[in-house]
Amino acid sequence: VKLTVNRNTVPFDERPPTIASGVRIGTPAATMRGFDEADFREVGRIIVGALGNGDLGELCDRAEALCAKRPLYPGFRGYTNYS
């Protein structure tokens, strides 16, 4: 659903460290975009929907709407073409 996570070990897990049993959700990238508490709540709702029986297309649209609302580089018009 266009949310990036990575696999991590969980403290005190009895399985070997080579078998990741947890998921890490990095918040620095989202806070850099200016996500606030309400935005993170929406991220949580999107994740819950993805783990359940949510409509993946609709969940992708919601994730894209969050990013459109909080662009990474506001006002950036694109790369200069030097050709």
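For the pair A38 and L72 in one chain, pulling the backbone fully straight at 0.36 nm per residue adds 10.5 nm over the alpha carbon distance. A 1.4 Å probe run over the chain, with the rest of the protein chains in place, finds 81 Å² accessible per residue.
Going through [x] 15, 39, 35, 11, 1; [y] 15, 36, 28, 15, 5, 1; [z] 14, 31, 30, 19, 6, the figure that equals P(r) over Cα pairs in 10 Å bins from 0, in percent as computed for the structure here is [y]. Taking the C-alpha atoms only, the angle from helix 37-51 to the longest principal axis of the chain is near 60 degrees. With θ taken as phi - 60° and the Karplus curve 6.51 cos²θ - 1.76 cosθ + 1.60 applied, the whole-hertz 3J(HN,Hα) list for the range 65-71 is 5, 4, 5, 5, 5, 10, x Hz, x standing for glycine and proline.
The values are calculated or read from the model by the stated rules, or taken from the named source; none is laboratory data. Just so you know, these numbers come straight off a predicted model, no measurement behind them. Surface areas here come from the heavy atoms of the whole protein model, side chains and all, with no ligands, DNA or RNA. Shrake-Rupley method; radii C 1.70, N 1.55, O 1.52, S 1.80 Å.
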